Structure formats: structure tokens, C-alpha cells
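A.B. asks: Below are the C-alpha cells for one structure; questions will follow.
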Amino acid sequence: MNFGTIDWVVTIIYLVGSVVLGIWAKRYVEDLAGYMVAGRNVKVYLGIATFVATELGTVTFVYYGELGYVAGYAGFIIGILALVAYSTVGQTGFIIEGLRRHRVMTIPEFYELRYSRRVRLLGGIVLFLGGVLNMGVFLVFDGIFLSEVMGFGPGAVAVIMTVMILIVIAYTIMGGMFSIVITDYMQFVILTIGMLVATLAVLLRVDLASMSTAVSQTLGAGGVDPFVNPRFGWTFVVWVLVSSVAAGALWQPGTSKALSSESPAIAKRMFFWTGLTFAGRAMVPMFWGVAALAFYGTGLPTTAAMPRLLGEIVPTGFLGLLVAGMLAASMSTYSAYLLAWSSVLARDIVGCTRTRDFPEATTVAVTRVAAGAIGIFLLVFGLWYKIPDTAFQYIYLTGAMYTSGALGCVAAGLYWPRANNAGAYAALLLGAAAPAGFLLLEKSRDVLPGWLWFITDVNIAGMLSFALAALGMVLGSLLTQRSSPPRSLPSVEHT
Amino acid sequence: MTSGALFWTITFAVAGVLFFGIALVVSIGGISDLRDLLGKSGRRKSKP
């Protein structure tokens, strides 16, 4: 057991602090905009803190740590791609500026403005399914991380995880985006301290030369060159770049930070500066993973190697800080994701089955029930689902299920006047087809005919989803201009 | 250390400085943003 009394004290103080702060923030919620986008009053620094905290969960550390352990330095390319993608979205305002100007609260809401209520319903369903499947494995990885770092068996960790998710559900249901923004700030500070502690511990215990030697002996040239590494290659690099641009602009939990900002200009600055942190977000945990390779060699379970290293080298006292940091990272991610997917379920799926929107109070009530139901689903799904390929690739693929179609629909909707309903339907359905095909067929590759094997390659399935969605939007729109004339967007606020 | 490993180690150092540097600035600046958010929302809510 690695965890001492002082570590427990630090962790419990943190958990109690989160509950008190999250529930206290409920007093600031007065209407739907207050609940879902914090009244659109979030400024740059706070926006960056909440955005980074949302996008950095324990699952992020685990999947990047795993990549560092199995692929060496080659995976570091992902950090550069993410930095380029997110800061470009921030610098140019690509999509996020337009969405913020139209004052939407969820991305499918834009589909109704530009296309139709039915497109919004379909977009909401695809987004919800992709989002919940994506989030479904988070708890598994959190469990692995905590079990290795703290030195307890899976039973004790399951209890901690359940307590954590119940706390998150409670404050997200009650305080919505207000609770999220306020707790995210505190969680951002704590998780940054946790990351710093872990990085310093790694630098003190594992020397850089032995990391280089371990990578070259284990992986050869593929350990430093992503284009040579068999896990990556050109397909992977192009897919991750396109996917990062799409996720940067259109991943509901992240985009909701732009939609909560005080103005479109602040949304852009928030994205640009957050984008600059994204190289570190990927490379810091990958560096820990490479250190685990140097420390233990190969042969450990790939997701467990990095957390096991941290559990062994971080001293008692600091370990509590690290665990509090990781719990903070997870809680800020869960809260934002829970609110994002429950908002989509309430407003874009349940709400769109009616001809008119629910009253605001009903929407907030439905969102609260949905957040509770999704939280319970996470606990159940996380226990039995076994992910294919690496965690990173599963997360990106389930993300692509939605972002590929959304990229086609929203980018064309904002910047291409000829985009219409038929194009939007085709983009959403074709974008979801390749990732869904992979998830369904990957486990039965042996019974597939040879010409269908390409769909069981995670990188090809991911890349294909973006290509098919773009093709669907362009061909679908051009072929049906007469039968389905494009609708123009309403005029918007300018700042 | 191989040249490839050296390249990525330097890139990691730059990325780390950028991450922790921005985190420090945001942690300090975020306090006033937080006060501002709560102030505005409190005033809005207390209006009849």
C-alpha cells in the first residue's frame, strides 16, 4: 500500500471542498442560460482554466501514458498536432466564433437554425451516442490509475470512484455550468500542482539518457519517428490533425466553454491560449510513460505501467496531492461531459420530438434527470466493456463518430451558402458509419471477407469518417439544390 | 542520447514550460475573473 495517513487527509479535504463549493454555486443559477452556459459571463483566464480542466481527465493521463510506454517519443507528435489545431481554431475563430455569435447553447441547436429541426434531432442523437460511448470508458481508466498509484485493490478503488461520480452528479445536477466553472477553477489549480509533483518525481528518479536508451533498444527508429512507427504513420497523423481541428471546434464539452464566454472575441482568445497548453497536456503524461518503459522495461499491462511508476516514486504526502490532482482532473471532466451530454439529450433529442421547445424550467428539470441517468450508465458500462486497440485510439474513434459529421454540417453551414438539409443528413450518417462499423466489426475480423478488413484498422476507420462526411455534405447538397433549397442563417450579434 | 530522443526531449521541455507557465498566469488571473462572474450573476439575480 503506497497511500499514507497524510495522503488520505489531503484527498478527503479536497473531496469535501469540491462538494461544498459545487453545491454553494447553485445559488447563482436563475434561468436556462445560467444553468447551461453560466449566463455567458465567463472571461479569458477563467475560461482557459475551465477548458483545460475539462480536457484533462485521469483518462487523458492514462491513455497518453500508455502511448508513451508502447510507442516511446513518437507519440509526442500528437501534442504538436493538438497545439497546431486548437491554437489555429482560436486564432482564426474557425466555427467557434460563428457558433458564439448565434448564441446557441448546444451544437445541434445550430442545425435547426441552418437546416431543420429534424437535422437537429439526428445530429443530437449521433452526438449523444458518440459522446456517451466516448465517456463510457473513463471510469475504467480512472480505476486503473488510482489502483496502481494508491496501491489498493480494485474493490477499494471502485468505492472511491463511485463516491467521486456521485459527488460530481450531485453538483452538476444542482448548479449546472456555474458549479462546473467554479469547481473547475479549483480543480485546475490542484491538477496542475499534481502534474508538477509527478513530473519532478520522474525527473529526479529516471534519468533522460536511460529513457533514450530504453526507447531505442525496445522500439528502434519507430520510437522517435511517428511516420516509421507501425502504430502511427501518415494516415494516423492526418486523421489526428483533422480530428483535433474538428474536436477543437465542435466537441460539445469543450465548445460549451466558448459558448459560455462573454463575447466571440473572448471565446477566440480562450481557445488560442488553451491551444498552447495542449502540447504539454499530451507530452507530460507521455513523458511519464516513456520513463515507465525505462524504469520497468516491457511486459507490464500497458495502461498500468505509468501509474505504477508514479505510485512507486512519488513520496508519501505528495502522493495525496497527486491523487487529489487526478481526482480533480476526473471530476472536472465528468462534470463538463455530464452537463454537455445531458443538455443535448434534453434540448436536442427529447425537446426535438415536440414541435415547440419545452419551457425553460422543464428543460432544466429534464437535463438534471438525464445527468443522473448518464452518471449511473457510466458506472455500469465502465465495469464490463473491454476496449479495442489502445485507449487513445478508442477515444478518438468514438469522438470521430460525431465530430466528422458535425465538421461537415457546421463548417459548411457557416461558410458554404449551398449547404442544405440533404447534405447535412448525408454528412451526419456517413460520418458515423465508419467508426460504428469499426466498433461493431473489429471483434469479428476473422469472419469478414478480405475486402472489408480495412474497416477494422482504427486509423483508416477514423480518417474515412471525415472523408465520407465531407463527401456526403458536398454531393448531398449539390444534387438536391432544387428539391431542398438551402436556408440562410438569421442575423447575429457583432462585437 | 540519440538525436531523435534529444529533439523530443527539448520539445517536451518547451511544451512543459508553456503548460506550467500559462497555468501559473491563469491561476492568478482566474481569481479576478471568478469574482467578476459571481458579482455579475449575483447582481443579476438580486434585481426584481
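The values are calculated or read from the model by the stated rules, or taken from the named source; none is laboratory data. The structure presented is a predicted model; accordingly, all values stated were derived computationally and were not measured. All Cβ positions, glycine included, derive from the backbone under ideal geometry; neighbour counts span all protein chains shown.
A.B. asks: For A:V474, are the conditions met, namely being touching a helix residue (DSSP H, G or I) at 6+ places or on another chain (Cβ under 6 Å) and farther than 21 Å from A:F128 by Cα?
C.D. replies: Here the answer is no, as A:V474 does not meet what is asked.
A.B. asks: Which of the residues spanning the range A:201-214 are within 11 Å of chain B (Cβ to nearest Cβ) and over 15 Å from A:G289 (Cβ atoms)?
C.D. replies: The answer is A:D207, A:A209, A:T213.
A.B. asks: Among the candidates A:I190, A:I165, single out the residue that is of a type in the set (A, V, I, L, M), in contact with a helix residue (DSSP H, G or I) (Cβ under 9 Å, 6 or more places away or on another chain) and within 12 Å of another protein chain (Cβ to nearest Cβ).
C.D. replies: Only one candidate passes the filter, namely A:I190.
A.B. asks: I'd like to check which helices (runs of 4 or more DSSP H) are fully inside the range A:339-452 and have at least 3 residues that are modelled with pLDDT of 85 or more, under 15 Å from A:I125 (Cα atoms) and under 20 Å from the mean Cα position of the chain (by Cα).
C.D. replies: A:391-406, A:421-441
A.B. asks: Which condition number does A:L276 fail, the rest of (1) buried (at least 23 other Cβ atoms within 10 Å of the Cβ); (2) within 14 Å of another protein chain (Cβ to nearest Cβ); (3) hydrophobic (A, V, I, L, M, F, W, C) being met?
C.D. replies: Here A:L276 clears every test but (1).
A.B. asks: Still on this structure, please answer the following. Any idea which of (1) surrounded by fewer than 21 Cβ atoms within 10 Å (Cβ to Cβ); (2) without any contact (Cβ under 8 Å) to a residue 60 or more places away in the chain is the one A:G476 doesn't satisfy?
C.D. replies: The one condition A:G476 does not meet is (1).
A.B. asks: Out of the helices (runs of 4 or more DSSP H) lying entirely within the range A:34-110, which hold 3 or more residues that are surrounded by fewer than 22 Cβ atoms within 10 Å (Cβ to Cβ) and not acidic (D, E)?
C.D. replies: Output list reads A:77-92.
A.B. asks: Further question on the same structure: Only one of these is surrounded by fewer than 19 Cβ atoms within 10 Å (Cβ to Cβ) and among the aromatic types (F, W, Y): A:F227, A:F141, A:F232. Name it.
C.D. replies: The unique qualifying residue is A:F227.
A.B. asks: When you look at A:T213, is it in a helix (DSSP H, G or I), surrounded by 24 or more Cβ atoms within 10 Å (Cβ to Cβ) and of a type in the set (V, I, T), yes or no?
C.D. replies: No: the conditions fail for A:T213.
A.B. asks: Moving on to the next point. I want to confirm something. Restricting to chain B and keeping residues that are farther than 27 Å from A:V224 by Cβ and not in a helix (DSSP H, G or I), which single residue is modelled with the highest pLDDT?
C.D. replies: B:K47
A.B. asks: Which condition does A:S179 not pass, out of (1) in a helix (DSSP H, G or I); (2) at pLDDT below 75; (3) over 24 Å from A:L339 (Cβ atoms), if it passes all the others?
C.D. replies: A:S179 satisfies every listed condition except (3).
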